[in-house]
Amino acid sequence: MSATAVARKRGKPASGARAGAGAGKRRRKADSARDRGKSKGGGKMNEEISSDSESESLAPRRTEEEEQEELEETAQEKKLRLAKVYLEQLRQQEDEKAEAREFEEDQVAGRLKEDVLEQRGRLQKSVAKEIQAPAPADIRVLRGHQLSITCLVITPDDLAIFSAAKDCTIIKWSVESGRKLHVIPRAKKGAEGQSPGHSSHVLCMAISSDGKYLASGDRSKLILIWEAPSCRHLYTFTGHRDAVSGLAFRRGTHQLYSTSHDRSVKVWNVAENSYVETLFGHQDAVAALDALSRECCVTAGGRDGTVRVWKIPEESQLVFYGHQGSIDNIQLINEEHMVSGADDGSLALWGLSKKRPLALQREAHGLRGEPGLEQPFWVSSVAALLNTDLVATGSHSACVRLWRCGEGFRQLDPLCDIPLVGFINSLKFSSTGDFLVAGVGQEHRLGRWWRIKEARNSVCIIPLRRAPRPTAAGS
């Protein structure tokens, strides 16, 4: 029997086994010495490790069954959570769609209400209270005419202005740059082969609602029709027996209304270059005319002291009285209300259902002259921002005055004055109400009763800034 077998039998390890055990003991001693060295030299690292080990030791030990159950529950919960998220997204989408539909319905309802009120002539948007008077330095002055401006119009897109003057010229201006885009020069009487134009004072102009046609009338009884974008002459309408004093296109059409000092009102079809009919009724020279969408127009009768509404299909007219002087200008606010000014200094608001003014403001621009001999300033021009409560008037009182129409157009309250020296012979609001254009001259557009030497014959663009609306608390 070998020594190894005898040693195993006696329970003693063999020499090889003793050597392996001795090596294992030395390895464990070296590891323990290395651990003690680490604990002595790296206390900070030891602290971090012990901290993690403590947290791990505090955590409860879970069995494999518990982990498996948790995995199964987590999968089920995930499915349930995803389903809930999907349903919540669907609910939010439906809520957003409902809100959008409600908003659209509110907008459509509001728009339909506005359209109905506009057709009935009762729409009155409140914008006057937001308007702030501009600083004099903000007013842009465009100079190009040699004599007093008599009339002007703004293109429907608010990008250009046409102005005419006693120098018989028409100038097209850029609103943005203030530069001349085109000049239609004066035409000499009897000269052949010259470009078409006016040979006498241009008293009135009108532009179609699509911006295609421009019409201009002068003291020579002529109405000239122009292609507005290119200023190319198209037609000449003859038929009036005296100076053409008023022009207006029916909105949405190419039907043109004209009036004259011959006391008549004529209807033309510009697209077909044709005359339609003539209406009579005024007892004196007609001074001004205006029209909107309905097949009717309104006129200011000058010295006959009447305002008339002409119903074209019925060939009938409504007569209104209220001013004591000559009614020189008129403007429709909406289909049922209008404003007029006279040389007795009065400003009147009218409703088509009343024969008398709904509101009458006397001495609208104050008095002039020596004490005891005061006379009111003439109201030489009026303008109204369509379907709103904002009105502007001009005179030679060194200012343009803005007015607010009261509820139901039954009151006129002054808002502010915009300093402007000279005769304000024409006023027009832009379609958006962002600016007001004034035609200024040294003389009145219809005569030479006074002359203001310090005035400049010019087109003035007046910006109309609106006061910011107060924000709600907490917004």
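Determine whether residue 362 is among the basic types (Lys, Arg) and out of contact with any Ser or Thr (no Cβ under 6 Å at 6 or more places or on another chain).
Working: among the basic types (Lys, Arg): yes; out of contact with any Ser or Thr (no Cβ under 6 Å at 6 or more places or on another chain): no.
Spelling it out, it is not the case that residue 362 is among the basic types (Lys, Arg) and out of contact with any Ser or Thr (no Cβ under 6 Å at 6 or more places or on another chain).
Scanning the range 81-90 for residues that are more than 46 Å from the chain's Cα centre (by Cα) and open to solvent by 100 Å² or more (accessible area, probe 1.4 Å), which turns out modelled with the lowest pLDDT?
Among those that are more than 46 Å from the chain's Cα centre (by Cα) and open to solvent by 100 Å² or more (accessible area, probe 1.4 Å), it is 81.
Just checking, how many residues over the range 222-250 are among the small types (Gly, Ala, Ser) and more than 24 Å from residue 328 (Cα to Cα)?
Initially, the range 222-250 is screened for residues among the small types (Gly, Ala, Ser), giving 228, 230, 239, 243, 245-246, 248.
If we keep only those that are more than 24 Å from residue 328 (Cα to Cα) as well, we get 228, 230.
Total satisfying the criteria: 2.
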Within the range 146-172, the residues that are crowded, with 23+ Cβ neighbours inside 10 Å, over 17 Å from residue 442 (Cα atoms) and not β-branched (Val, Ile, Thr) are 162
Restricting the search to the range 286-303, which residues are open to solvent by 30 Å² or more (accessible area, probe 1.4 Å) and closer than 23 Å to residue 426 by Cβ? 293, 303
Scan the range 307-328 for residues that are open to solvent by less than 10 Å² (accessible area, probe 1.4 Å) and either touching a helix residue (DSSP H, G or I) at 6+ places or on another chain (Cβ under 8 Å) or within 16 Å of residue 292 (Cβ to Cβ) (or both) and jot them down. 307, 309, 310, 312
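Just for strands (runs of 3 or more DSSP E) wholly inside the range 192-262: which have at least 3 residues that are open to solvent by 20 Å² or more (accessible area, probe 1.4 Å) and farther than 20 Å from residue 161 by Cβ?
Values: elements: 202-207, 213-218, 223-227, 232-237, 244-249, 255-260.
In the range 192-262, the matching strands (runs of 3 or more DSSP E) lie at 232-237.
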Among residues of the range 263-309 being assigned to a loop (DSSP other than H, G, I, E, B) and of a type in the set (Lys, Arg), the residue nearest to residue 354 (Cα to Cα) is 294
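List the strands (runs of 3 or more DSSP E) that sit entirely inside the range 361-475 and contain at least 1 residues that are at positive phi and open to solvent by 30 Å² or more (accessible area, probe 1.4 Å).
Values: elements: 381-384, 390-394, 399-405, 412-419, 423-429, 435-441, 458-463.
In the range 361-475, no matching strands (runs of 3 or more DSSP E) lie anywhere.
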Any residue in the range 271-294 that's closer than 14 Å to residue 208 by Cβ: show its pairings with residues that are among the acidic types (Asp, Glu) at Cβ separation under 9 Å, as long as the two are six or more apart or on different chains. 292/335; 293/118; 293/335
Conditions first: (1) farther than 23 Å from residue 158 by Cα; (2) open to solvent by less than 40 Å² (accessible area, probe 1.4 Å); (3) among the charged types (D, E, K, R). Residue 188 passes all but one, so which condition is the exception? (2)
Just to verify a result, which residue in the range 335-360, among those that are of a type in the set (D, E, K, R) and within 28 Å of the chain's Cα centre (by Cα), is most open to solvent (accessible area, probe 1.4 Å)? 336
Exactly one of these conditions fails for residue 181: (1) touching a His at 6+ places or on another chain (Cβ under 9 Å); (2) part of a strand (DSSP E or B); (3) open to solvent by 10 Å² or more (accessible area, probe 1.4 Å). Give me its number. (1)
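The values are calculated or read from the model by the stated rules, or taken from the named source; none is laboratory data. Here the structure is a predicted model, which means the values were calculated and not measured. Cβ atoms come from the backbone with ideal geometry, glycine included; neighbour counts cover every protein chain shown. The protein model used for the area step is the full one, side chains on, heavy atoms only, and it has no ligands, DNA or RNA in it. Shrake-Rupley method; radii C 1.70, N 1.55, O 1.52, S 1.80 Å.
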